[in-house]
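Below: one structure, written as structure tokens.
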Amino acid sequence: MRTETPPTVRLEDYRPSDHLIDRVELDVRLDPHDTRVSATLALRPNPAGRAGAPLVLDGDDLTLLGLELDGQALAPDTFRADASSLTLHAVPQRPFTLRIETRLDPTANTRLMGLYRSSGVYSTQCEADGFRRITYFLDRPDVLSVYTTRIEADRAAAPVLLGNGNPVEAGAVAGTDRHYAVWHDPLPKPAYLFALVGGRLDRVAKGFTTMEGRAVEIAVYVEPGKRDRAAYALDAVERSMAWDERAFGRAYDLDVFNVVAVSDFNMGAMENKGLNIFNDKFVLASPDTATDTDYAAIEAIIAHEYFHNWSGNRVTCRDWFQLCLKEGLTVFRDQEFSSDMRSRAVHRIAEVRNLRARQFPEDAGPLAHPVRPKQYAEINNFYTATVYEKGAEIVRMLRTLIGETAFRAGMDRYFADNDGTAATVEDFLKAFEAVTGRDLARFAEWYERPGTPRVAVFGSYDAAAKTYRLAFRQTRPGAGADAPPLVIPIRLGLVGTDGPLIDAASGRVEDGVFVLDAAEDTLTFENVAAEPVPSLFRGFSAPVRVESALDAAARLTLLRHDPDSFNRWEAAQRVALGLMTAQVRGDAPEEAGADDFVGALGAFLDGEALRDPAFAAQILALPSEGDVADEIGTEIDPDAIASARRDLRRRLGAGLRARLLTLREELAEPAGTPFSPDASAAGRRALRNAALDLIAAADAETGTALAQAQIAAATNMTDRLAGLAALALLPGEAREAALAAFAERYADEPLVLDKWFAIQAMIPEDGTVARIRRLQGHPAFAMTNPNRVRSLVGSFSLANPTQFNRADGAGYALLAETVLALDGTNPQVAARLMTAFGPWRRLEPGRRAQAESALRRIVATQGLSRDVADIGTRSLA
Ligand code: ARG
Ligand code: ZN
């Protein structure tokens, strides 16, 4: 464990490597405790580096067994090796070869970085800095090498041996029980994209021919016995390959594309060249074990990792400050893919819900950072919603600003100009400047400063002149007084109060988009016959908070008449938020407002629920308690928010009861309908289950009966789990019996038990902390498995606001204990869990003090990892 204060790495200090590594030959002899790695590196001085500089290779937890330069063992006084680096004081000023032999213990590697063994399977995770746990190396993304990897293992323990690139050769090791495989990856890549896998795995595969005529074998590897759960992921790979050709002209470039599911994994998945490694949660799916949400996540993450083959691998990042260059862009690409596969409007709503739930709070708290950070102490703490999701929003705004055709041309230009190199955000923008002739320097400001911008909008109608004026003002909380205004694309239109669209023109609106690029600006529409309702930021055209004085009636007009689906949803959300925040603040009694809202939703359901059930389900799903907290901003009392939200759900459930009950009947699948995970079947289930949720909120007895019947009749996990989730909110014997039956049915299904852990962790009742402590002793729970920990403790701290934020501090204590218990074995996951303390300063004083003391307790602990120390220090700063 590291205890020293970690040095800060700064973007401004970047300089090219003094040395380059052109080729890497790895010979990896797998063994549970004594794995031997021999790395032969073809090095040369970097013409762009400092001549004569010593060679300093990165290492982490390595044992050096041998070191040769051009075939000669090195004298001990010519180098210095320790656990974290290998320094050669003087190296030749010409190409030379270094052979390094190291020893590893993959079984003891609980950090799940580098080479580790999980459920008997050897696999690797090298991003961001895991390769240095395999051998000493220039472990930085701007050092690109061609890799050849020989993997050897006991044949019975690891019949499958996979590497990057294409398979070259395989065979037995004469006179032993061992065998080997050689893989060659012809495309130069940074070390973070290296991977290997060895284990007993089942395989499903299918062929694909690229638009360039290359025959590719796509394969998905899973735990033995789970082949039938790999079919959906395999299909998603194929659809991703075809889509990237169609949408971006990007073809796959190797003969094989392998995906491997492993059960212990720190994050979602990893885009290693030709060998994507996944958390099995994002591969395995069957109707009985996976929900519609799981299917959608599998499709999105399979696509995400596949799309990295171009946005990340063919064009990689110069340094880790440029992480958004690959992540923001690839999230944008996977969002576009999912939108094309499903309903675009519904997907956009899901994207914005996610952005508001995770990125807005991050940007408003102590861990806020620019999309391109300027410094870091631990890079693994910067795989954040800001880099990923806000990064994707920047790419989307760029497309909105320049239009689809220019955007596609710019993407082509970016790939063409930067293929095979390690690029920067500037290189990305340069490609779009080249194809459009525009100067994007001011747009680039989006990458530079943290904080969610606010845009205030005031509308005024002049009946005599028949003009409508919109005045805009942008501000940037926390960005500093010197921050220049942002370039903000505002997609907008005017809606008539009684329906018909107002086709009013303004010279400054092009293709429905107004660009706000000054601190203040106004926009005038001519020939507006009657006072309109402005529909602003259609499709959520910029990641900002909008302040407008629209009243509930105007918003309900948008819900009825706006041609932009996103803004129809947004209008309903704003009305609901207004009702809940008014109750929390004890403003005016909002009886009438709530009745109008119920009436509007009723009319909406009558007209449209069956036409687009997925969209209707989104309309019925109220803003979360987190959304309300975010809206309120300071002195947050989670109990008051929860009770306001409970009251509104109860009102909706009571007011819409008859309609919701009928809808449930109308949406029920006729018996014997085969399961389909597609968007339309999933949409019907979503609406049916949203109805259940509201009915149960108003009437526990009916809710219990419906939920029990649904569980008993369920033919898929979506319906079964929705039934259980509804029951989970209704204390009593029925709930406990259903939970017990579920646990028994899925006793051998860890990924399904994760859902069971999560549902219990989210129960908004006093007994939950005690329940979680009990569940930590459940035989299926394991602190060594990141999915288990996230299900139980992650769900608790992120999705149970009243219990995590208990006034007595017991929720914070539980999280603090878990973070500390985990830090010794898996600092990355411990640090990630700890980010749940992020919003602590915005709580009311009592809870704020409790949260702060829990944080201080963590930070005061001796021997903290760099990961946890970094989050702790920044959270308290
Ligand atoms: N690049 C991976 C992705 O596709 C994530 C890697 C995360 N690594 C980490 N150390 N947190 O998003
Ligand atoms: Zn990614």
(request) Scale the Cα Rg of the range 408-531 by the rule-of-thumb value 2.2 N^0.38 Å and send over the ratio, two decimals. (result) 1.36
(request) Excluding G626 itself, calculate the net charge of residues whose Cβ lies under 13 Å from the Cβ of G626, where each Lys or Arg counts +1 and each Asp or Glu counts -1. (result) 0
(request) Starting from the Cα-Cα distance between T209 and D77, subtract it from 0.36 nm times their residue separation and give me the gain in nm to one decimal. (result) 42.0 nm
(request) Using per-residue counts of other Cβ atoms within 10 Å, averaged over each peptide, order 667-677, 148-158, 729-739 from highest down. (result) 148-158, 729-739, 667-677
(message) Using square roots of five times the C-alpha gyration tensor eigenvalues, list the equivalent-ellipsoid semi-axes of the range 558-698 in whole Å, biggest first.
(response) 28, 15, 15
(message) Suppose we keep just the DSSP beta bridges with both residues in the range 171-313; what percent of those would be antiparallel, to 5?
(response) 55
(request) Please report, in debye to the nearest 20, how large the charge dipole of the range 1-148 is about its Cα centre when each Lys and Arg carries +1 at its beta carbon and each Asp and Glu carries -1 there. (result) 120
(request) Putting +1 on Lys and Arg Cβ atoms and -1 on Asp and Glu Cβ atoms, find which of S624, L610, I636 reaches farthest to the positive end of the dipole of the range 585-640. (result) L610
(message) For a Förster distance of 51 Å, can you work out the FRET efficiency between the beta-carbons of R454 and V173, rounded to the nearest 0.05?
(response) 0.20
(request) List the residues of the range 640-661 whose backbone N lies under 12 Å from a point placed 7 Å from the Cα of D699 along the Cα-to-Cβ direction. (result) 653-661
(request) Could you pull out the trypsin sites (Lys or Arg not before Pro) across the range 392-496 that fall in loop regions by DSSP (anything but H, G, I, E, B) with no more than 16 other Cβ atoms inside 10 Å? (result) R438, R442, K466
(request) Return the FRET efficiency for the residue pair D61, E749: r is the Cβ-Cβ distance, R0 is 41 Å, and the value is rounded to the nearest 0.05. (result) 0.75
(request) Rank by packing, highest mean first: peptides 131-140, 360-369, with packing defined as the count of other Cβ atoms within 10 Å averaged across residues. (result) 131-140, 360-369
(message) So if each residue of separation counts as 0.36 nm, and I subtract the Cα-Cα distance between T673 and L610, what length gain in nm does that give?
(response) 20.9 nm
(request) In debye, nearest 20, what is the charge dipole magnitude of the chain about its Cα centre with +1 on Lys and Arg Cβ and -1 on Asp and Glu Cβ, if you could check? (result) 560
(request) For the range 415-480 and the range 719-762, write down the distance between their C-alpha centroids in whole Å. (result) 46
(request) Compare the peptides 608-619, 43-54 by average per-residue count of other Cβ atoms within 10 angstrom and give them in order, highest first. (result) 608-619, 43-54
(message) In whole Hz and in residue order, list the ³J(HN,Hα) couplings for the range 460-468 that follow from phi through the Karplus curve 6.51 cos²θ - 1.76 cosθ + 1.60, θ = phi - 60°; x for Gly and Pro.
(response) 9, 10, 10, 5, 5, 7, 6, 10, 10
(request) Please report, in debye to the nearest 20, how large the charge dipole of the range 147-213 is about its Cα centre when each Lys and Arg carries +1 at its beta carbon and each Asp and Glu carries -1 there. (result) 100
(message) Suppose each label sits 7 Å from its Cα in the direction of the beta carbon; what would the A810-A592 distance come out to in nanometres?
(response) 4.4
(message) How far apart, in nanometres, would the label points at E736 and D517 be if each is projected 7 angstrom from Cα along the Cα-to-Cβ direction?
(response) 6.5
(request) Identify, among L492, A53, M270, the residue whose Cα sits farthest towards the positive end of the charge dipole of the chain, taking +1 on the Cβ of Lys and Arg and -1 on the Cβ of Asp and Glu, with the dipole about the Cα centre. (result) A53
(message) For the chain, give me the percentage of DSSP beta bridges that are antiparallel, rounded to the nearest 5 percent.
(response) 80
(message) What distance in nm separates the two pseudo spin-label positions at A849 and D70, each 7 Å out from Cα along the beta-carbon direction?
(response) 7.1
(request) Using R₀ = 56 Å, calculate the FRET efficiency as 1/(1 + (r/R₀)^6) where r is the Cβ-Cβ separation of L820 and R23; round to 0.05. (result) 0.80
(message) Test of understanding: what is the full-extension gain from S119 to T293, defined as 0.36 nm times their sequence separation minus their Cα-Cα distance?
(response) 60.0 nm
(request) Please compute the net charge surrounding A153, taking Lys and Arg as +1 and Asp and Glu as -1 over other residues with Cβ under 13 Å from its Cβ. (result) +1
(request) Go through F597, A357, Q375 and say which Cα lies farthest out towards the positive end of the charge dipole of the chain; charges sit on Cβ, +1 for Lys and Arg, -1 for Asp and Glu. (result) Q375
(request) Would you give the gap between the C-alpha center of the range 846-877 and the C-alpha center of the range 539-618, rounded to a whole Å? (result) 39
(message) On the principal axes of its Cα set, how long, how wide and how thick is the chain? Give whole Å, largest value first.
(response) 89, 65, 58
(request) Check the chain and count each lysine pair with an alpha-carbon distance under 18 angstrom, considering only pairs eight or more places apart or from different chains. (result) 10
(request) Using Cα centres only, tell me the gap between the range 281-338 and the range 770-801 in whole Å. (result) 26
(message) Given axes a ≥ b ≥ c from the Cα gyration tensor, I'd like to know whether the range 756-877 is rounded (a/c under 1.5), prolate (a/b larger than b/c) or oblate.
(response) oblate
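Coordinate-derived values only; no laboratory data. Computed from a predicted model, the values in this text were never measured in an experiment. Positions of Cβ are backbone-derived with ideal geometry, glycine not excepted, and every protein chain shown enters the neighbour counts.
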